[in-house]
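Engineer: The structure follows.
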Amino acid sequence: MQAGLRTAVAVCLVTTLVHVVLVFLHVAPANPVSKRYSSQVNGWVYPLFEQNWRLFAPDPDSFNRTILARTAHSDSKGSVQVTPWFDLAAVDHSAVDHNVFPSHTSQNLLRRAWTSYVETHGGSDTARSERAVMLQTYLRNVAADRVAALNGGGGTFEFIQLRVITLPVAAPGAASRNRPPAPSEDRLLPWWKVTSHGK
Amino acid sequence: MGSEQIPQFPSTAPTPHRRAAQEASVAGTADRWFLERIGALWALLTHRPVSLYAASVLRIGYGLLYLVYLLREFPHRDEIWGPGSPWTPALARQLFDQTGWNSILILSDNRAYFELCYVMALVTSALFMLGWRTRAMSVLFAVVVASFHARSIFMTDGGDNLILLMALYLVLTSCGRRWSLDARRNRLLAARAGDVPEPVRSFSAQQLHDARTTLTTVVHNCAMLVIAAQVCFLYGSAGLYKVQGPTWGSGTALHYALNLELFQPWPALSHLVDEYPMMIAIASYLTVLLQVAFPFVLFGRLKYPVLTVLLGMHIGIAVLLGLPLFSGAMIVADAVFLPDRFYAFLPRLWRRAAQRTGTRPSAPDRAAGAVSVPPQGRPGVPGSTHRAVSAQKDITPATGLASEHG
């Protein structure tokens, strides 16, 4: 009985120490130790204890993103109608404006859909991995849902295209503060076929 | 966690070894020293659960935060967690196959099933916060938080991440011993039982009971250690990464953070703050310094001013950057470092303030006797707390502590 209890306590203690060390290696900047034991660290930490505390680190983003979308609809006669650009990010900004508790749907949904897309695709728009295909589908769904909501569910469309404009935040004290900044990137994505969403 | 309390532990185990150790050889001394350490560690781990108040504050804090979060996203619930989300159930399933996650939310694509899960999540969060059948509720709460987190993994931020980790760790703690419905029920039961002696257990049953108590205590203490370490790692890694960033070094990082449109609920306020580059620089440096220094200030009195500054910082983040959920999660996490005597002191402070603003001046001799005994209820008098509460209203502090002694 006593021996069993002692063993149990020892197991608790060892588990605690192992957990603490592995979580430390997971959150610390990459170093020789965490590289050497990366398989053990990942095996323990993923999926439940995954964490990342890099909001605003190493540097906060120094740009705002404008994410635009337009849709195309081919009617029965075969002619294709393309809508003007909808500003999807502006919807988020106005939802955050004067809101004590902004929703995750305005602060994180589109923002993280785009950053996750960039993480898996880089500069190219060809999906090279299963994860990339998934995130492309996700981004397309997000945009299609947003456009459909903006339309009030009115117009139907079969294709959607995104355009992402990156606007740098002016350095502090810059004279250009009041002028709109020149975009540092203007990325036009290919037309995507919309399937299940945004009818 | 109440790290300051560690020296208070009666280190019972080492004392018998002490005299013998003086006469032993050097090797023997080392041996004895080692045994003493083991004994002290054993006592520290098994003697009693540490920081029960802090654990309860975490339970109440995260239960409440999650409840508020679920209610806040009520209009968007389908978009975030439901079958109508752009992260479709099919995509979620595909990702779970790759990562090994799981979620109760993808068991069915039925809308009614989702609404049921949502309501269950609300109820679970509320009951967990209140501490009703806490251990079972803590397991349910962890399942709910993990399920909802995994389902909306591409919409989460640091706040959600922290709540998930804490929900997992809290399962292992005895977080329902203070300020909970469980504690209240036990108190009432004890009061009703009155002078009736505890039922006599057989020797082996008693042993089993003791072993269970010890094990619960050890698991709780280990979990509290993990929670404390987790919060240290959070600050430490956030700080270490910031040290690498040139904008934090040049003291302009907060200027950029204040100009992000998605984190600018009050643009006029953000621009006003942005007008003061000196303030921005000082705040940027203070942020990094506090984060890196955080683990090192916890073992002394310095932690009180540091925790106060961090509290202010998080309130600032909540308002200026529009991140109340993240800030709330951080503030609750910081509460783990306050010792039990701090929390035990709060109700007294509260009563004193109530007294001062009360209509009648208090009688000084009764105030001095504020260290009270819980009301001695008799069998068949279930209203013992009622009486204590009404006594409290009459500003008689002597009986007022009924609500904290479990």
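The values are calculated or read from the model by the stated rules, or taken from the named source; none is laboratory data. Quick caveat: nothing in here was measured; it's all calculated off a predicted structure. Glycine also receives a Cβ, built like all others from the backbone with ideal geometry; neighbour counts cover every protein chain displayed.
Engineer: Please find, within region A:14-31, the residue that is surrounded by the most Cβ atoms within 10 Å (Cβ to Cβ) out of those that are at the interface with another protein chain (Cβ under 9 Å from one of its Cβ atoms) and part of a loop (DSSP other than H, G, I, E, B).
Structural biologist: The selected residue is A:Ala28.
Engineer: Turning to a different aspect of this structure: Please pick out the residue among B:Gly316, B:Gly322, B:Gly328 that is in the same structural domain as B:Tyr256 (by TED's automatic domain parsing), at positive phi and of a type outside the set (D, E, K, R).
Structural biologist: Only one candidate passes the filter, namely B:Gly322.
Engineer: All but one of (1) among the β-branched types (Val, Ile, Thr); (2) surrounded by fewer than 22 Cβ atoms within 10 Å (Cβ to Cβ); (3) modelled with pLDDT of 90 or more hold for B:Val200, so report the exception by its number.
Structural biologist: The failed condition is (3).
Engineer: So, one more: Residue check: is A:Pro58 closer than 24 Å to A:Leu167 by Cα, modelled with pLDDT under 95 and not β-branched (Val, Ile, Thr)?
Structural biologist: yes
Engineer: Something else about it: Among the candidates B:Trp101, B:Trp81, which residue alone is more than 30 Å from B:Val218 (Cα to Cα), of a type outside the set (A, V, I, L, M) and surrounded by 17 or more Cβ atoms within 10 Å (Cβ to Cβ)? It would help to see each step written out before you state the result.
Structural biologist: On the way: B:Trp101 fails: more than 30 Å from B:Val218 (Cα to Cα).
Unique residue meeting the criteria: B:Trp81.
Engineer: To continue, here is another question. Residues in region B:246-253: is at least one assigned by TED's automatic domain parsing to the domain that holds B:Gly316 and among the hydrophobic types (A, V, I, L, M, F, W, C)?
Structural biologist: yes
Engineer: In region B:207-248, how many are of a type in the set (D, E, K, R) and closer than 23 Å to B:Phe337 by Cα?
Structural biologist: Qualifying residue count for the region: 0.
Engineer: Let me ask you something else. Which of the residues spanning region A:122-147 are surrounded by 14 or more Cβ atoms within 10 Å (Cβ to Cβ) and farther than 21 Å from B:Ala90 by Cα?
Structural biologist: Residues satisfying the conditions are A:Asp125, A:Val147.
Engineer: Give region A:1-18 a look and list any residue that's within 21 Å of B:Thr214 (Cβ to Cβ) and in contact with a Phe, Trp or Tyr (Cβ under 8 Å, 6 or more places away or on another chain), or say none.
Structural biologist: Start the filter on region A:1-18 by keeping residues that are within 21 Å of B:Thr214 (Cβ to Cβ), which leaves A:1-17.
Passing the criteria: only A:Val9.
Engineer: Taking region B:209-242, which residues are in the same structural domain as B:Ala257 (by TED's automatic domain parsing) and charged (D, E, K, R)?
Structural biologist: Hit for region B:209-242 is B:Lys242, nothing else.
Engineer: Please state which of the following conditions A:Pro102 fails to meet, knowing it meets all the rest: (1) of a type outside the set (D, E, K, R); (2) assigned to a loop (DSSP other than H, G, I, E, B); (3) more than 7 Å from chain B (Cβ to nearest Cβ).
Structural biologist: The number of the failed condition is (3).
Engineer: With respect to A:Pro172, is the statement that it is under 30 Å from B:Ser250 (Cβ atoms) and within 12 Å of another protein chain (Cβ to nearest Cβ) true?
Structural biologist: yes
Engineer: Also: Which of the residues that make up region A:85-95 are away from every other protein chain (no Cβ under 14 Å) and without any contact (Cβ under 8 Å) to a residue 24 or more places away in the chain?
Structural biologist: None - no residue of region A:85-95 is away from every other protein chain (no Cβ under 14 Å) and without any contact (Cβ under 8 Å) to a residue 24 or more places away in the chain, so the list stays empty.
Engineer: I'm trying to understand the selection: among the residues of region B:165-177, which are free of Cβ contacts under 8 Å to residues at least 60 places away in the same chain and in contact with a Phe, Trp or Tyr (Cβ under 9 Å, 6 or more places away or on another chain)?
Structural biologist: Those that are free of Cβ contacts under 8 Å to residues at least 60 places away in the same chain and in contact with a Phe, Trp or Tyr (Cβ under 9 Å, 6 or more places away or on another chain): B:Leu168, B:Val171.
Engineer: Out of all the residues in region B:236-254, which are facing chain A (nearest Cβ under 7 Å) and without any contact (Cβ under 8 Å) to a residue 40 or more places away in the chain?
Structural biologist: B:Ser237, B:Tyr241, B:Gln244, B:Gly245, B:Pro246, B:Thr247, B:Thr252, B:Ala253
Engineer: So, one more: When you look at B:Val231, is it surrounded by 21 or more Cβ atoms within 10 Å (Cβ to Cβ) and out of contact with any Cys (no Cβ under 8 Å at 6 or more places or on another chain), yes or no?
Structural biologist: Criteria met by B:Val231.
Engineer: Checking the condition in contact with a Phe, Trp or Tyr (Cβ under 9 Å, 6 or more places away or on another chain), without any contact (Cβ under 8 Å) to a residue 40 or more places away in the chain and in the same structural domain as A:Arg146 (by TED's automatic domain parsing), which residue from A:Val27, A:Val82 passes?
Structural biologist: A:Val82
Engineer: Now for a separate question. Only residues that are touching a Gly at 6+ places or on another chain (Cβ under 8 Å) and either farther than 20 Å from B:Ala228 by Cα or surrounded by fewer than 23 Cβ atoms within 10 Å (Cβ to Cβ) (or both): list them for region B:141-180, please.
Structural biologist: B:Phe141, B:Gly159, B:Arg177, B:Trp179, B:Ser180
Engineer: Looking only at region B:294-336, how many residues end up being aromatic (Phe, Trp, Tyr) and modelled with pLDDT of 95 or more?
Structural biologist: Total satisfying the criteria: 1.
Engineer: Here is a further query. Going by what's in this entry, would A:Ser62 be described as of a type in the set (Ser, Thr, Tyr), within 26 Å of B:Thr287 (Cα to Cα) and either surrounded by 14 or more Cβ atoms within 10 Å (Cβ to Cβ) or more than 9 Å from chain B (Cβ to nearest Cβ) (or both)?
Structural biologist: yes
Engineer: Please go through region B:255-282 and give me each residue that is assigned to a helix (DSSP H, G or I) and either within 8 Å of chain A (Cβ to nearest Cβ) or in contact with a strand residue (DSSP E or B) (Cβ under 8 Å, 6 or more places away or on another chain) (or both), ordered by number.
Structural biologist: B:His255, B:Tyr256, B:Ala257, B:Glu261, B:Leu262, B:Phe263, B:Pro267, B:Asp274, B:Pro277, B:Ile280
Engineer: Taking the options A:Ser34, A:Ser94, A:Ser39, name whichever one is outside any strand (DSSP E or B), farther than 25 Å from A:Glu158 by Cα and in the same structural domain as A:Leu139 (by TED's automatic domain parsing).
Structural biologist: A:Ser94
Engineer: Looking at region B:133-140, is at least one residue under 21 Å from A:Leu139 (Cβ atoms) and surrounded by fewer than 20 Cβ atoms within 10 Å (Cβ to Cβ)?
Structural biologist: The answer is no, given that none of the residues of region B:133-140 is under 21 Å from A:Leu139 (Cβ atoms) and surrounded by fewer than 20 Cβ atoms within 10 Å (Cβ to Cβ).
Residue-wise test of (1) within 9 Å of chain B (Cβ to nearest Cβ); (2) touching a helix residue (DSSP H, G or I) at 6+ places or on another chain (Cβ under 8 Å); (3) touching a residue at least 60 places away in the same chain (Cβ under 8 Å); (4) closer than 14 Å to A:Phe86 by Cα.
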{"site": "A:Glu130", "(1), (2), (3), (4)": "yes, yes, no, no"}
{"site": "A:Gln136", "(1), (2), (3), (4)": "no, yes, no, no"}
{"site": "A:Leu139", "(1), (2), (3), (4)": "yes, yes, no, no"}
{"site": "A:Ala143", "(1), (2), (3), (4)": "yes, yes, yes, yes"}
{"site": "A:Ala148", "(1), (2), (3), (4)": "no, no, no, yes"}
{"site": "A:Thr156", "(1), (2), (3), (4)": "no, no, yes, no"}
{"site": "A:Gln161", "(1), (2), (3), (4)": "no, no, yes, yes"}
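Engineer: Which one is nearest to the chain's Cα centre (by Cα), of the residues in region B:263-277 that are touching a residue at least 24 places away in the same chain (Cβ under 8 Å) and closer than 27 Å to B:Met155 by Cα? First the steps, then the outcome.
Structural biologist: We begin by selecting, within region B:263-277, every residue touching a residue at least 24 places away in the same chain (Cβ under 8 Å); these are B:263-266, B:269-270, B:273, B:277.
Retained after the next criterion (residues that are closer than 27 Å to B:Met155 by Cα): B:263-266, B:269-270.
Details: B:Phe263: 27, B:Gln264: 29, B:Pro265: 28, B:Trp266: 30, B:Leu269: 32, B:Ser270: 31 Å.
Residue satisfying both the conditions and the ranking: B:Phe263.
Engineer: A further question on this structure: For region B:79-128, give me each residue that is charged (D, E, K, R), more than 9 Å from chain A (Cβ to nearest Cβ) and farther than 30 Å from B:Gly176 by Cα.
Structural biologist: B:Arg93, B:Asp97, B:Asp109, B:Arg111
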